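Notes for the one structure printed next.
The values are calculated or read from the model by the stated rules, or taken from the named source; none is laboratory data. Since this is a predicted model, take the numbers as computed values, not measurements. Heads up, the Cβs are rebuilt from the backbone with ideal geometry, glycines too, and the neighbour counts pull from every protein chain shown.
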Amino acid sequence: MSLPATINSQVDPAAVTRVTRLFNNTLGDILSELIQNARRAGASAVDLKVIDADGTAFLAIADDGAGIEDPSVILALGRSGWGDEIARREDPAGMGVFSLAGRDVEIRSCPRSTGEGWSIRIASGDWESGAPIAVAPCTHPFGTEIRVPIDAQWLKSLETIAQSAARYCPLPVRLDGQDLLREDWLKGAETIIEQDGVRIGIYRNYLHRHFSPSINFHGVTVASLLPTVAEKDRHWAAKIDIVDAPELQLVLPARKEMVENGALQSLRAAIRLAIYRHIQALGSHRLAFADWREAADLDVQLPEARGELFSWTPAVADYNSGSGHQHLTSTDDLVLIDDFGPPLEQCAAFALSKDGRYEGRLAESDEAMVGYGWYDRLPRITDLRFEIDKGGETLVLGGSDLPGIDSGTVERLDLVLTISGPAPETLHIPAPVAIEYDDGLFSSSG
């Protein structure tokens with residue numbers, strides 16, 4: 001076989017023999033797709049009804065929209081039949097009705113453009129066989145109705161699944177004549193910004209997981225990794241309500257995730273900017289210095305983070321027990337203390353408490369604050385050790401130094417602090433006790 005001179009994109013006709021595998025064939029997928037079609041058709045509402053016909057229970061999904069002018073688009077995979085405006089705004093793929101593939105379906109429609117009603121019956125095997133399906137004229141109100149047999153399992157879950165499909169849809173949905181609850185996707189947002197065809201809702205302390213839905217596409221909610229910004233005492237997340245943003249696209253055919261494209265990247269950038277602007281409006285913050293710089297790079301001018309740090313408590317060997325009763329404190333007259341591990345810190349706490357001059361003044365170091373002027377000016381305990389005089393010998397207990405001294409009284413026991421900052425100094429504080437721990441006797445978070 002000789003090589004072709006050119007190639008072009010195309011859909012193999014054999015693809016139609018696999019249409020039953022485009023969707024998961026669940027009631028939830030079916031309702032989501034058909035409600036979306038009704039919305040695009042300009043319907044004022046969607047009615048879901050369980051009806052009995054010839055002894056068989058059917059679920060009827062009816063709308064009063066524009067109707068379907070050409071019945072052939074029903075089984076034309078990839079041909080949607082929507083007008084230019086809908087095609088521009090939503091990029092419909094002509095696949096939604098195939099959520100019904102593999103099921104017996106009856107469709108009736110009357111287009112407002114012609115007023116000529118028609119009906120078709122699609123047997124379960126017709127979706128893949130390509131067999132001709134008769135189109136019969138019928139009397140039907142403007143709009144479209146689709147009937148599909150409903151089994152006991154579907155009937156049992158219908159109300160719950162219908163409510164889920166309707167909750168964030170801009171179109172009213174009724175089940176057996178009763179309106180299903182709808183609510184704003186951005187309910188509970190601290191602020192909402194409308195721009196570029198989307199609504200950005202900013203949430204304080206909203207628990208967002210990567211698999212949680214974060215974007216609403218006219219009632220279809222999908223998960224997408226959106227930016228979050230954390231402060232020391234609060235964090236910010238966002239949810240998105242798409243109004244008219246054709247470049248933001250869902251992965252076809254099932255529409256359960258966003259296409260990773262430039263528009264989505266731009267949206268993420270817009271979210272970070274919106275969060276920083278909201279923080280700016282609040283007046284004060286406790287952002288990490290790196291985030292503060294990022295906000296400045298985005299032309300959002302913020303004051304430095306509030307000068308607040310956690311008060312120091314000595315580390316404990318059991319990291320499951322928590323860090324004690326830490327609380328935020330202002331930075332006036334504070335001294336930072338580095339991490340020296342539970343053995344040294346527990347013993348140092350006794351000496352510091354007895355001495356008293358640093359009572360209420362010691363604060364946990366916080367590397368996220370490095371760069372702020374108020375933080376960088378604070379004095380800092382950068383070394384902590386014990387000096388021990390016993391039997392004419394001076395021993396040092398600190399860091400990795402384990403002198404192996406026997407228990408008992410000593411001539412001198414001092415806690416020695418090395419303090420850096422505007423006025424560096426080395427401070428000796430009489431200590432009541434120093435305990436030498438073997439490394440293997442306590443756990444380490446590292």
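The condition (being farther than 20 Å from Asn25 by Cα and touching a residue at least 12 places away in the same chain (Cβ under 8 Å)) is satisfied by just one residue among Ala101, Ala123, Ala134, Ala165: Ala134. Set side by side, the residues Ala305, Ala315 differ, and just one is buried (at least 16 other Cβ atoms within 10 Å of the Cβ) and free of Cβ contacts under 8 Å to residues at least 60 places away in the same chain, which is Ala315. Among the residues making up segment 21-52, those that are among the charged types (D, E, K, R) and either farther than 26 Å from Leu250 by Cα or assigned to a loop (DSSP other than H, G, I, E, B) (or both) are Lys49, Asp52.
Quick grid of which residues meet (1) under 26 Å from Asn24 (Cα atoms); (2) in contact with an Asp or Glu (Cβ under 9 Å, 6 or more places away or on another chain):
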{"residue": "Val229", "(1), (2)": "no, yes"}
{"residue": "Asp241", "(1), (2)": "yes, yes"}
{"residue": "Pro246", "(1), (2)": "yes, yes"}
{"residue": "Arg268", "(1), (2)": "no, no"}
{"residue": "Ala288", "(1), (2)": "no, yes"}
{"residue": "Ala296", "(1), (2)": "no, no"}
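Among residues of segment 170-190 that are assigned to a strand (DSSP E or B), those with a beta-carbon under 7 Å from a residue that is at pLDDT 95 or above and not aliphatic (A, V, I, L, M) at least six positions away or on a different chain give the pairs Arg174/Asp47; Leu175/Glu159; Asp179/Pro172. Determine, yes or no, whether Ile242 is without any contact (Cβ under 8 Å) to a residue 24 or more places away in the chain, among the aliphatic types (A, V, I, L, M) and closer than 27 Å to Leu273 by Cα. For Ile242, the condition - without any contact (Cβ under 8 Å) to a residue 24 or more places away in the chain, among the aliphatic types (A, V, I, L, M) and closer than 27 Å to Leu273 by Cα - is not met. Residues that are basic (Lys, Arg) and touching a strand residue (DSSP E or B) at 6+ places or on another chain (Cβ under 6 Å) were ranked within segment 140-194; the one that is nearest to Asn205 (Cα to Cα) is Arg174. Checked against the criterion of being over 20 Å from Ala189 (Cβ atoms) and either assigned by TED's automatic domain parsing to the domain that holds Glu364 or of a type in the set (A, V, I, L, M) (or both), segment 235-245 has no qualifying residue. Here Thr139 fulfils each of the conditions (1) surrounded by fewer than 17 Cβ atoms within 10 Å (Cβ to Cβ); (2) outside any loop (DSSP other than H, G, I, E, B); (3) at pLDDT 95 or above apart from (2). Looking across segment 251-284 at every residue that is among the charged types (D, E, K, R) and not in a helix (DSSP H, G or I), the one that is farthest from Ser32 (Cα to Cα) is identified as Glu260.
As a summary of the residue check, Glu190 satisfies the conditions (1) within 24 Å of the chain's Cα centre (by Cα); (2) buried (at least 16 other Cβ atoms within 10 Å of the Cβ) except for the one numbered (2). Scanning segment 191-200 for residues that are closer than 14 Å to His278 by Cβ, touching a residue at least 12 places away in the same chain (Cβ under 8 Å) and aliphatic (A, V, I, L, M) yields Ile193, Ile200. The strands (runs of 3 or more DSSP E) falling completely within segment 296-346 that include 1 or more residues that are under 34 Å from the mean Cα position of the chain (by Cα) and at pLDDT 90 or above map to 308-310. When Gly219, Gly262 are checked against the criterion of being buried (at least 18 other Cβ atoms within 10 Å of the Cβ) and out of contact with any Lys or Arg (no Cβ under 6 Å at 6 or more places or on another chain), a single residue qualifies: Gly219.
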